[in-house]
Amino acid sequence: MGFSHGLVALFLFLCVLVWSCSETVHCKNQTLPQSEVVALKKIGAKLGKHWDFTVNPCTGASGWVDPISNWPVAANVTCGACKGNYCHVTSIILTGQNLTGSLPDEFSNLTFLQAIDLRMNYLNGTIPTAWASTPLIDIELMGNCITGRIPDELGRITTLQYLSLGSNLIEGPLPETLGNLTNLLGLEITANAITGRLPESLGNLKNITFIYITGNPITGKIPGFIGKWTQLDTLEMQGTSLEGPFPPIISTLGSIKNLVISDMTGGNGKFPPLQNMTNLQRLVLRNMSITDELPTYIGNMKMLLILDLSFNALTGQLPGSLQSLLYLEYLFLNNNKLTGAIPEWMLKTGFHIDISYNSFNASNAPTDCSTDIVNMVSSYSSSKDNLINPCLRRNNPCSGIPTNHNLFINCGGRKIIIDGNEYQEDMEAQGPSYYNSYNEKWAFSSSGYFLISTQDMPYIVKNVSPISGASSANPELYTTARHNPISLTYYGLCLLNGNYTVNLHFAEIMFTDDQTYSAVGRRFFDVSIQGGRVLRDFNIAKEANETGRAIIKSFNAMVSSNTLEIHLQWAGKGTTTIPRPGVYGPLISAISVTPNFKLNTVENHELPKGTILGIIVAAGCLVIVLVSVLVYFFLRRKDAENNELRGLELQTGIFTLKQIKVATKNFNPANKLGEGGFGPVYKGVLPNGSLIAVKQLSSKSRQGNREFINEIGIISALQHPNLVKLYGYCIEGKQLLLIYEFMENNSLANALFGPERDRPKLDWSARQRICLGIARGLAYLHEETRLKIVHRDIKATNVLLDKHLNAKISDFGLARLSDEDVTHISTRIAGTIGYMAPEYAMRGYLTDKADVYSFGVVMLETVSGLSNTTYRPKEDSVHLLDWAYILQTQDRLLELVDKSLGKNYPEEEAMMLLNLALTCTNSAPSLRPTMMTVVNIIDGKKAVPVLSREDTCSNNNLGTCFEASEMLSDHSQWTSSSVSHDPWMMSSVTTR
């Protein structure tokens, strides 16, 4: 969204208001036909609006025309089209009235009605098809609770010029009939749940001047027909599921002034051809995967006020032509790969600039990391050049000796002491491009401007909802918060390395929880810790079940370079104008960080710095010796296939054997959860009451020492809600132990195939949520973490379920770091029969699409409740997957749905998941979707392509399908291991 949206809304409001008042002045002596009076009474009853019908509506009396109207509050009924003794209702404006009724059909009985403006209320129901018979020019319904689809019949209102439906709950695709509205000047549908592709018929809207589709899961490519919108002034599409690249015809939009596009995948990495857009005032191309250099022609866009190209991968040096943008007020080039020097003029300019998180490398680095309006934190590629200010360097390293071990910040509030901990004051009001550090303890970086706001939006906000919840004893921690439109980062500086618990405190204090338009707002943002996303599309109010309720989200984080980074980012989703323009983006109340390791302290004595330095150096040497011995012991016999893990730090906590024995009651058999290929798994309780699962390496383990080191190295570097947390490890004598978070509902295999008495109830919503959770975890491994990991052993046993039946991926002993240039594994194949992709099982061809195949099998098992490795319904089918393809060709796929569900499942969703499972298990890797695409499909943001057995096993793929089936039917050639469904253990048949 941008400020133009807010201005357009205000402009339309004033225009309609002035027109309606002037019309009414001429109609004071006439009256309405009785039929229209009856219609108004019915309309008032349905809307919940109480008009005084003892007064002639055309007189302009109070109650019918509000003499004082301030956006968004107005109440006006306008009369016009007068003839003889009668006038007619031509406009009804009821904005900001907090009406709680439904949309009346009876507007269609007002046959001269031209404008319906019901913005900013709490109206529900669907858009009536009866309105199509009315000669409407303007329909304004933004900021309500309207549901259903946009009716096809709206396409018959050919007089329509403005259609505003944003910030509602409208779903489904845009109707093709909208292309009939050739007089349409403005279309605004932001922040709904509109899906599907933009219909080709929209190319007929040749008079359109502004289009806003931000915050809808609309799919497909950026359409070429936008080149037909030659009168376009503003185009905004942020936070959609559209994909690049930009069609070349976009260069023809020479009159456009506001181009705002963000958070889009696909494309060719090239900067779009915008050289003809010399009238641009706002250009936003944020998070678009652009890898090109910044074109010099941007300097020809002399009218630019705002230029945001952040969160791309722009390369090269900053062009000197940027200096010629004399009207520029905001320049965001942060989070790119720009090199060379930071120009001197940038440090002296009078407008806001953010060039943080780049790769500048010139020797003449600035001395400071920030002015009040220029943010340069982590703008240099080097992390070790001591001639550069540490905060300018990559990863914001510690400038001195790391001594900090905790952190407490009252975000947006004053200093406060809670439970003996002093929460630091954080009341700096700067925000658009600002960085500040506080005594080498912590810092924050704020980037972004509230583009939609018609006035300055504060970066520090106070509550409008009373605070409640578990932390209501400390309401002051939640009565203020730091607010940000795009990107907000907090840093813990000079921390001791180790594992920490990070508690993020939230409360939605800008919306209300009543039946007013302030309750219509929806906020979404993402959260990352140490570069790994831990929350996606996080909605505070939904997570807490109400506004004003405090909620704490806890995560484990490994600090390995003495700096902790917590990043919050808006991705273009949610409402942006409720309850006023500019209410959107990250919002955080407090942060607390505490260590998960013991501190060596000396009571009442402060050691000299020289002594501290000596201790740190000696300890460092000791750690180096111990790690060297450990690496030598475990890796000395390993060949080249492990090279990708050598040098990877074991970024996790260390437990003593004594601690583990106490937690598990000396490995009491009563605490044994199961035994798999790795060894036995025990339940334990830490002194603080936390439940843990302890995985013990068996001396007869088939997984071996390599997988032990592999699992520590891989999972300790990962943080995601759908990955099992590794708390630490223990290596003492012959004991090799992994310590995980405890998962109350054991494995997915146990929930699906285990003894009935031990199975948790999996209704349809739980199964759908489990599939989505696994998909999100894999998407993180494949695309969102810097390591790019292929798990290689996704199966129902390696998916664990917490107490809320949220899925978490476990067992990373076989995981491999992905290298896009190396796809063929020349050493042994590793995985589980029944879940391995055929190209990997037979030819050693390994890519992330192998995990996609395994996921497809697991999703098929989750929907059907049947095991792929043991279910064999008929002689002519080898396994569950084979049978699924047969049923698909016979249009009987729904027969696979678990019989225990009865009829309690949506057939459309079931068909979607089953077809998606078969698409994921396509024998051709190139035809399988990526896991991010899978996430979007399950989320309803994309349609699933249906590939039949004939499509999959045709021509060149035929041999692959039958070879795979033969391989799966003959387990004896691999191993004779039996199938088990004990929790926390290996199941099915595994080969290493």
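If we sort 247-253, 789-795 on the protection proxy, mean other Cβ atoms within 10 Å, highest first, what's the order? Kindly include the intermediate steps, with their values, before the conclusion.
Details: 247-253: 16.6, 789-795: 25.7.
Highest mean packing first, the order is 789-795, 247-253.
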**Study point:** In sequence order, calculated HN-Hα J values of the stretch 135-146 (Karplus, 6.51, -1.76, 1.60; Hz; x Gly/Pro)
**Key:** x, 6, 9, 9, 10, 10, 10, 4, x, 9, 10, 6
Check your understanding: Near the amide H of Tyr423, under 5 Å away, which other amide H atoms are found, from residues 5 or more places off or on another chain, if H is placed in the peptide plane?
Key -> Ile416, Ile417, Ile418
Check your understanding: If one computes the Cα centroid of the stretch 556-585 and of the stretch 911-935, what distance in Å separates the two points?
Key -> 31
Point to revise | Calculated on alpha-carbon atoms, Rg and Dmax of the stretch 23-144 in Å | key: 13.3, 39
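Net charge near Arg767: determine it from the other residues with C-beta under 13 Å of the C-beta of Arg767, scoring Lys and Arg +1 and Asp and Glu -1. Kindly include the intermediate steps, with their values, before the conclusion.
Working: positive: Arg759, Lys761, Arg769; negative: Asp763, Glu861, Asp898, Glu909.
Here the charged neighbours net out to -1.
Would you work out the Kirkwood radius for the stretch 269-394? I mean one over the mean of 1/r across all pairs of different Cα atoms, in Å.
Details: mean 1/r = 0.0684 Å⁻¹.
This gives a value of 14.6 Å.
Under 20 Å between C-alpha atoms is the cut-off here; go through the stretch 407-595 and count lysine pairs that meet it, provided they're at least eight residues apart or on different chains. Write out the running numbers ahead of the final one.
Values: Lys415/Lys441; Lys415/Lys462; Lys462/Lys542; Lys542/Lys553; Lys542/Lys573.
Lysine pairs meeting both conditions in the stretch 407-595 amount to 5.
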**Study point:** Charged-residue dipole, Cβ positions (Lys, Arg, Asp, Glu), the stretch 888-944 about Cα centre, Debye nearest 20
**Key:** 160
**Study point:** Amide proton proximity set for Gly269, modelled H, under 5 Å, gap of 5+
**Key:** Thr291
Point to revise | Note, ³J(HN,Hα) from phi for the stretch 493-506, Karplus 6.51, -1.76, 1.60, rounded to Hz, x at Gly and Pro | key: 9, 6, 7, 5, 5, x, 8, 10, 9, 10, 9, 9, 9, 10
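Show me 834-841, 110-117 ranked by packing, highest mean number of other Cβ atoms within 10 Å first. Could the numbers behind the result be given before it?
Working: 834-841: 24.6, 110-117: 21.8.
Averaged packing, sorted descending, gives the order 834-841, 110-117.
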Review point. Taking a 32 Å limit on the Cα-Cα distance, which of the listed pairs Lys41/Lys942; Lys672/Lys761; Lys257/Lys384; Lys598/Lys761 fall beyond it?
Key: Lys41/Lys942; Lys257/Lys384; Lys598/Lys761
Study note, to complete from the structure: The ³J(HN,Hα) series, computed from each phi in the stretch 76-90 with the Karplus coefficients 6.51, -1.76 and 1.60 at θ = phi - 60°, rounded to the nearest Hz and given as x for glycine or proline, is 9, 10, 9, 10, x, 6, 6, 8, x, 8, 10, 10, 9, 6, 10
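Provide the packing ranking of 75-83, 506-514, i.e. peptides ordered by the mean count of other C-beta atoms within 10 Å per residue, highest first. The partial results should precede the final answer.
Working: 75-83: 20.8, 506-514: 23.6.
Descending mean neighbour count gives 506-514, 75-83.
What ranking of Cys369, Cys730 emerges when the number of other C-beta atoms within 10 Å of each C-beta is taken as an exposure proxy, fewest first? Walk me through the intermediate numbers first.
Working: Cys369 23, Cys730 20.
Lowest count first: Cys730, Cys369.
Rank the residues Val65, Val857 as a footprinting-exposure proxy: fewest other Cβ atoms within 10 Å of their Cβ go first.
Details: Val65 23, Val857 27.
Result, fewest neighbours first: Val65, Val857.
Here, each number is a calculation from the coordinates, and none is a lab measurement. Predicted model only: the values in this text are computed from it and were never measured. When we count neighbours, we look across all protein chains shown, and the Cβ atoms used for this are built from the backbone with ideal geometry, even at glycine.
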